[in-house]
1. Relative to the longest principal Cα axis of the chain, at what angle does helix 124-134 sit, 0 to 90 degrees, rounded to 10?
2. If you roll a 1.4 Å probe over the heavy atoms of the protein chains, what accessible area per residue do you get for the chain, in Å²?
3. With a 10 Å cut-off between alpha carbons and a GNM built on the chain, which of 43, 334, 68 moves the most?
4. Over the chain, with a Gaussian network built from C-alpha contacts below 10 Å, which listed residue (110, 101, 218) shows the highest mean-square fluctuation?
5. Treating each Cα of segment 156-219 as an identical point scatterer and ignoring solvent, apply the Debye formula and state log10 I(q)/I(0) at q = 0.26 Å⁻¹.
6. What relative contact order, as a whole-number percentage, does the chain give when Cα pairs under 8 Å and 6 or more residues apart are counted?
7. Note the per residue figure in Å³ for the convex hull of the C-alpha positions in segment 19-95.
8. Do any chymotrypsin sites (Phe, Trp or Tyr not before Pro) in segment 247-354 lie in a loop, going by DSSP, with at most 15 other beta-carbon atoms within 10 Å of their beta carbon, and if so which?
Amino acid sequence: MLFHKSAQSMVALLGLMVALASAHAADPKLANVTILATGGTIAGTGATSTTTVGYTAATVGVQTLIQAVPEMTKIANVSGEQVFQIASENMSNEHWLALAKRVNTLLAQKDVHGIVITHGTDTLEETAYFLNLVVKSKKPVVLVGSMRPSTAISADGPANLYNAVALAASPDAVGRGVLVSMSDQIHAGRDVSKSNTTMVDTFRTPELGMLGYFQGGKPFFYRQVARKHTTETEFDISSLNALPQVDVAYAYANVGPTAIDAFVAAGVKGLVHAGVGNGSLPAKVRPALSAARAKGVVVVRASRVGQGILARNGEANDDELDFVVADTLSPQKARILLMLALTKTNNTKEIQRMFYTY
Ligand code: DGL
């Protein structure tokens, strides 16, 4: 009798497994997209439906995010992995290396056609640029977040996620570098930045321009990126477990050398100076940066302004000071490229070439 009973339960279990498998059977006509969830507001929850600030980020799991947008199953075979569950102000070099390695492992698989990364918006632009330099595939990698938590009236997360999956599944997105998809816009990971503390259309590429739009859940491209990325870069993080320490010193009226001296004393390998205007060096700062360079720290002149080319030998004699200039990269993105550059070389001429290449 006991055997009969256990046979019955085995049959029932097998039946359930077959049913589950068929329920999730991939549609061979659709692309396979993996969602890597890292946390952020898109996974956030608020006390009430009108809570759009003061909510808790990184509380909702990836399966719940997927189940909240069942329409996605019509445009892609979607699977999910919870790689982290953090607010993105806490993103670290170690998180980036682990994420990049997981992305490269997945994209090397023939049955993965694209990846969506759900992410907090505070450092989303930085993760996007880091991945733009180290992902070794032409397959689409799309970063997406939201500005309202999942519990809010008109939460923007579900529509953003739907669009991101549509983009990751789109052949048009292949070979365009890492993309950021928010608020019906498509941006390049290199040039996009968060421009407003709370508005849903906060991600902008002010002068160089977004790459395209979404309409009816479909991506439409109007521009290509000009700089090298992904499979075209010289950076390989596969054997790295850490990145060289690089920090950013911010300039403003009356600034002194304290921050720079402290970073150098802490042993940074590189220092990005977020200068005023076209990267101007205040009189009290210039000697501190020169002293840093003399100790072997690689110095990059960037600007706090936000747009425009940082002219070499413009506001400072970079040839004489042996500094590098950040071209159009923001200070926070110049830090990322300088970290990766320092995994290859300390030669400032080589590093300057990289800043004009990526
Ligand atoms: N704590 C911020 C973050 O995780 C919330 C902002 C957001 O995700 O939109 O980036």
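1. 90
2. 45
3. 68
4. 110
5. Cα-only, vacuum Debye calculation for segment 156-219: -1.20.
6. Relative contact order for the chain comes out at 13 percent.
7. 119
8. Sparse-neighbourhood loop chymotrypsin sites (Phe, Trp or Tyr not before Pro): 252.
The values are calculated or read from the model by the stated rules, or taken from the named source; none is laboratory data. No experiment lies behind these values; they were computed from the predicted model shown. Neighbour counts are summed over all protein chains in view; Cβ atoms, including those assigned to glycine, are modelled from backbone coordinates with ideal geometry. Note: areas computed on protein heavy atoms with side chains; ligands, DNA, RNA excluded. Shrake-Rupley method; radii C 1.70, N 1.55, O 1.52, S 1.80 Å.
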